[in-house]
Amino acid sequence: MKVDATPIDISRTLIYKGPKFRSHKFIFDKNIARLKPTISSLLFCVVYVVVGLFLLALAVIVYIKNNQIDLTIFLGGFGISITTFGCTLMQPFIKQVVFDKSSGKFKNKIDRTVKISSIVSFQIVNKMVSSKHALSYPCYELNLLTKNGRRINILNHNDLDQLKSDAEKLSAFLSIELLDLQRKIII
């Protein structure tokens, strides 16, 4: 029985959306390369958390001073919603991505651990992120491809120069080929 092997389209993106700002950068130690969120990406999320907590505190003050239950419920509900939204936004920014040469493994706490020796190449892929209520903008992914044909996203943001720099450093650090698979996108 002959099996029809379908080739993997390594030029397609893995993630539909992406931030319009640089979200992470690589930090290189002796045998470890890890992603670290930028301060601007964390501050973006912290603003929502702080505003939500402020509204919760305001709800408590309104209840204690004026005993207005309806306004307290409104402010408290709105505060909980905004705080939850900020915490949800923060999750992708605090993801842990580690390439450890001493253990020979790649970990990202989402996918299964991958042996670095199984990584065939890194790819830079571009995409256009569009929204109904905002302008479209280009975004870029850094993915890895394994011997078994798995593709795993490592990084996804809008700063092409930084992404290329990080990808080149990671490629040199691990001695793994880097492919730039960007397509020409007309804005």
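The values are calculated or read from the model by the stated rules, or taken from the named source; none is laboratory data. Just so we're clear, the structure is a prediction, and the values are computed from it rather than from any experiment. Neighbour counts run over all protein chains shown; Cβ positions are idealised from the backbone, glycine included.
Would you check if Val125 is farther than 20 Å from Pro92 by Cα, touching a residue at least 24 places away in the same chain (Cβ under 8 Å) and either outside any loop (DSSP other than H, G, I, E, B) or not assigned by TED's automatic domain parsing to the domain that holds Ala172 (or both)? Working first, answer last.
Values: farther than 20 Å from Pro92 by Cα: no; touching a residue at least 24 places away in the same chain (Cβ under 8 Å): yes; either outside any loop (DSSP other than H, G, I, E, B) or not assigned by TED's automatic domain parsing to the domain that holds Ala172 (or both): yes.
The answer is no for Val125.
Residues that are within 16 Å of the chain's Cα centre (by Cα), buried (at least 16 other Cβ atoms within 10 Å of the Cβ) and not assigned by TED's automatic domain parsing to the domain that holds Phe44: does the range 76-89 have at least one?
No, the range 76-89 contains no residue that is within 16 Å of the chain's Cα centre (by Cα), buried (at least 16 other Cβ atoms within 10 Å of the Cβ) and not assigned by TED's automatic domain parsing to the domain that holds Phe44.
How many residues are surrounded by 12 or more Cβ atoms within 10 Å (Cβ to Cβ) and within 17 Å of Asn156 (Cα to Cα) when one looks only at the range 112-143?
Number satisfying all stated conditions: 16.
I'm trying to understand the selection: among the residues of the range 5-31, which are touching an Asp or Glu at 6+ places or on another chain (Cβ under 9 Å), within 16 Å of Lys95 (Cα to Cα) and modelled with pLDDT of 85 or more? Explain how you work it out, then say what you get.
Keep residues of the range 5-31 that are touching an Asp or Glu at 6+ places or on another chain (Cβ under 9 Å), which gives 13-15, 18, 21-26, 31.
Now restrict to residues that are within 16 Å of Lys95 (Cα to Cα): 15, 18, 22-26.
Result: Phe26, single match.
If the Cβ limit is 8 Å and pairs must be 6+ apart or interchain, which residue in the range 90-104 that is free of Cβ contacts under 8 Å to residues at least 40 places away in the same chain pairs with which residue that is not acidic (Asp, Glu) and not in a loop (DSSP other than H, G, I, E, B)?
From the range 90-104, the pairs are Gly104/Lys115; Gly104/Ile116; Gly104/Ser117.
Can you tell me which residue in the range 105-122 is nearest to the chain's Cα centre (by Cα), limited to those that are free of Cβ contacts under 8 Å to residues at least 24 places away in the same chain and assigned to a strand (DSSP E or B)? Steps first, please.
From the range 105-122, those free of Cβ contacts under 8 Å to residues at least 24 places away in the same chain are 105, 107, 109-110, 112-113, 115, 117; that's our starting set.
From what's left, assigned to a strand (DSSP E or B): 105, 107, 115.
Values: Lys105: 20, Lys107: 14, Lys115: 21 Å.
By that ranking, first place goes to Lys107.
Pick from the range 141-170 the residues that are touching a Ser or Thr at 6+ places or on another chain (Cβ under 7 Å) and assigned to a strand (DSSP E or B): which of them is modelled with the lowest pLDDT?
Selected residue: His157.
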